[in-house]
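The values are calculated or read from the model by the stated rules, or taken from the named source; none is laboratory data. What you are looking at is a predicted structure, and each value in this text was computed from that prediction instead of being measured. Positions of Cβ are backbone-derived with ideal geometry, glycine not excepted, and every protein chain shown enters the neighbour counts. When the accessible area is computed, the model is the full protein with side chains, heavy atoms only, and any ligands, DNA or RNA have been set aside. Shrake-Rupley method; radii C 1.70, N 1.55, O 1.52, S 1.80 Å.
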Amino acid sequence: MRRNGFTLIEILTAVALLTAALGMIWAVWLGANETAEVLGKKANGTDATVHALAMITRELRATSPSQLSDLPGEAVRYRVPEDRDGNALPVDGQGAIEWGPVHRIGRDYDDRNNDGFTESQLVLERDEVVEVLANGLLPPAKDGESGRGIWFEEQDGGVLVTIEVASTTRRKLTVAARAVQLVVPRNP
């Protein structure tokens, strides 16, 4: 007996196998896409913390331990040498260091740069300039917890700086990055 086509059972079996194969391919693609998003967010967070630490290190190395505000805390105030008398050197005629105005590194609680971000933003304030160092800081510590997001503390003659940032994926996964650096001021 000759047949011209497929039976209903054969067609349903083929459709079921094709649906299962496509479902597996879709699941693999979704998983790979989610993994790529998580890795991208992790890389961005790590890059942000490393960049912020580089800027903070440059600033704090230029100061003196005597010019640092009381530590520990989630902000640090300090002064750096600056040519105040116009002699092209940050020292006066007697060889004493000329200290510039107070700089501050910490959360932007007052939205000093008017961009709408406050406690999640790490900024460097010097003179009237506000420079964003990182976004996505973890929320501030609650009572009884140690510092989160940004934290400065004295250690081994320097300042131990900790920065923690986080971002959220489309599937509401939180991806965090943390960087820690010991910065030793080089001025007396």
**OP:** Sort 117, 152, 6 by accessible area with a 1.4 Å probe, largest first.
**Re:** 6, 117, 152
Subject >> Calculated [θ] (222 nm, deg cm²/dmol) that DSSP helices of n ≥ 4 give over the chain, each run adding -39,500 (n - 2.57) >> reply: -11000 deg cm²/dmol
Original post:
When only Cα pairs under 8 Å and 6 or more residues apart are kept, what is the percent relative contact order across segment 1-90?
Top reply: 13
Original post:
Roughly to the nearest percent, how much of the accessible area of segment 1-91 is carbon and sulfur, given a 1.4 Å probe?
Top reply: 66
**OP:** With unit charges on the beta carbon (Lys/Arg positive, Asp/Glu negative), name the residue among 176, 105, 163 whose Cα is farthest towards the positive pole of the charge dipole of the chain.
**Re:** 176
Subject >> Degrees between helix 8-61 axis and first principal axis of the chain (Cα, 0 to 90, nearest 10) >> reply: 0
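Taking 0.36 nm per residue of separation and subtracting the Cα-Cα distance, what length does fully extending residue 77 through residue 89 add?
This chain segment gains 2.0 nm when fully extended.
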Subject >> 1.4 Å probe accessible area per residue over the chain, in Å² >> reply: 63
Original post:
When all protein chains stay in place, what accessible area (Å², nearest 10, 1.4 Å probe) is found for residue 7?
Top reply: 60
Original post:
GluC sites (Glu not before Pro) within segment 62-166: which are DSSP loop residues with at most 14 other Cβ atoms inside 10 Å?
Top reply: 82, 128, 145
Original post:
Once the mean 1/r over all distinct Cα pairs of segment 1-157 is inverted, what Kirkwood radius in angstroms do you read off?
Top reply: 20.5
**OP:** Check each of the trypsin sites (Lys or Arg not before Pro) in segment 145-188 and keep only those in coil by DSSP with at most 13 other C-beta atoms within 10 angstrom; list them in order.
**Re:** 170, 171, 172, 186
Subject >> Order of exposure, largest accessible area first, which applies to 17, 124, 182, 138 with probe 1.4 Å >> reply: 17, 182, 138, 124
**OP:** Using the Cα centre as the reference, give the magnitude of the dipole from point charges on the C-beta atoms of segment 56-127 (Lys, Arg: +1; Asp, Glu: -1; all else neutral), rounded to the nearest 20 debye.
**Re:** 240
